[in-house]
Amino acid sequence: MSPHVPVMLNEVMDIFMSRVPLDAGAFFIDATLGGGGHSRAVLEKYRGMRLVGFDQDESAREIARERLAEFGDRVRIVGENFIEMFESLEDSERDEGACAALFDLGVSNMQLTTPERGFSYQSDGPLDMRMNASGSSLRAWDILRDCDERELTRIFRDYGEERNAFTIARAITRSRTTGNLPATGAELTALIRRTLPAPMQRKMGTHPARRVFQALRIAVNSELDVIPEGLMGAYESVRGGGAIIVISYHSLEDRIVKRTFRHWTEEGYGRTLTRKPVIPSEKERESNRSSRSAKLRAFVIDDMKRAIRA
Ligand SMILES: C[S@@+](CC[C@H](N)C(=O)[O-])C[C@H]1O[C@@H](n2cnc3c(N)ncnc32)[C@H](O)[C@@H]1O
């Protein structure tokens, strides 16, 4: 398992420095703790700041707990999906409101490089891909085994933007009938490589299995469905004048964030700080491959915060 390097840390810290109301004893929310990289930097820089951190992955919470142990009772780690954010705050935290909420969406490098988790097309782990392995029973392999050709096509197309969705879905359903349904990441990658003509694979400009793996991961963890609810929870949890910062890693996530912030701006709930998404510097893209597709958007809630739910 390789450690996770926080993405766009300087850009996140810039927003904290310039846009976040940092009163003594304020707290911030990390909706996706992962290895706790972003949180650690904020806690180190702002000595009076407290953190309420979420991650639906038990092993991520354990690692973050260890990495943030030195901050003692300034840190409270909650074992929830971020859609539970507002409900998981204590009464006093809800009354006070966080000064900021940060979402660094997707998977961590720790998850990607643990073969047994099955997230990576480069490792030979079982096709699991659950972030919350104790709370959910649906694995990527169940999808490959149970969904019909039409549903598999929809998943690969809608969640992976895979142009060859139907061809790959057909190859998977056929592999069932011959008893060769892929059970590991390497087997699924091999099936995709066998199915797509070599010139097409060369033209794809990315690993031929990348989009299918992304699609399965999104389906297993309902990753797109939780974003609107998570953002709404963040709006409710952050106080007037506070910021919501989101780093996304593919256009499907970014589109949801962009539309939500645009809608909130139109409704007068606050304003978008980033008319265009901020992207990592060339130096960061070169030194940290995981940052290459990152896009950061931020929204500042109006000082006179209004209720967002009817
Ligand atoms: C990219 S990593 C975060 C890395 C972190 N910012 C750092 O610097 O170490 C994303 C994390 O978010 C978690 N996650 C993804 N979706 C989630 C959700 N809906 N609720 C809670 N945690 C989630 C994943 O389990 C993963 O650990």
Can you give the three extents of the C-alpha atoms in the range 120-221 along their principal axes, from longest to shortest, in whole Å?
42, 29, 25
Straight-line reach from Lys45: which aspartates and glutamates have Cα under 13 Å away, leaving out those fewer than 8 places along the same chain?
Asp14
Let me know the Rg and Dmax you get for the chain when you use only its Cα atoms, in Å.
20.2, 65
At a probe size of 1.4 Å, how large is the accessible area of Ser39, to the nearest 10 Å²?
0
What does the helix-only formula give at 222 nm for the chain: each DSSP H stretch with n ≥ 4 adding -39500 (n - 2.57), the total divided by the residues, and the result rounded to the nearest 500 deg cm²/dmol?
-13000 deg cm²/dmol
Based on the mean of other Cβ atoms within 10 Å per residue, sort peptides 295-302, 218-225 so the most packed one is first.
295-302, 218-225
Using the Karplus curve 6.51 cos²θ - 1.76 cosθ + 1.60 with θ = phi - 60°, work out ³J(HN,Hα) for each residue of the range 221-226 in order, rounded to whole Hz, and write x for Gly and Pro.
9, 6, 4, 7, 4, 7
In the range 239-286, the GluC sites (Glu not before Pro) that sit in a DSSP loop and have at most 12 other Cβ atoms within 10 Å of their own Cβ are Glu267
Just for the chain, what percent of DSSP beta bridges are antiparallel, to the closest 5?
40
In Å³ and rounded to a whole number, note down the convex hull volume per residue for the Cα atoms of the range 110-179.
107
Mean accessible surface per residue for the chain, computed with a 1.4 Å probe while every protein chain stays in place, in Å²
48
If you roll a 1.4 angstrom probe over the protein chains with everything in place, what fraction of the accessible area of the range 144-243 belongs to carbon and sulfur, to the nearest %?
48
Between the range 163-242 and the range 21-74, how far is it from one alpha carbon centroid to the other, in angstrom?
30
Largest-first ordering by accessible area, 1.4 Å probe, given options Asp23, Asp254
Asp23, Asp254
When the dipole is taken about the Cα centre of the range 1-88, and only Lys, Arg (+1) and Asp, Glu (-1) are charged at their Cβ, what size is it in debye, to the nearest 20?
360
Listed peptides 236-242, 47-53, 88-94, 15-21 by packing density, highest first (mean Cβ within 10 Å):
236-242, 47-53, 15-21, 88-94
Under 18 Å from the Cα of Lys295, which lysines turn up, not counting those fewer than eight places away in the same chain?
Lys258, Lys276, Lys283
Treating only the Cα positions of the range 269-310 as identical point scatterers, give the base-10 log of I(q)/I(0) from the Debye formula at each q in 0.24, 0.25 Å⁻¹.
-0.79, -0.82
Exactly which GluC sites (Glu not before Pro) in the range 138-197 are in a DSSP loop and have at most 14 other Cβ atoms within 10 Å?
Glu161
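The values are calculated or read from the model by the stated rules, or taken from the named source; none is laboratory data. Everything numeric in this text was worked out from a predicted model, so none of it was measured. All Cβ positions, glycine included, derive from the backbone under ideal geometry; neighbour counts span all protein chains shown. Calculation scope for accessible area: heavy atoms of the full protein, side chains included, ligands and nucleic acids excluded. Shrake-Rupley method; radii C 1.70, N 1.55, O 1.52, S 1.80 Å.
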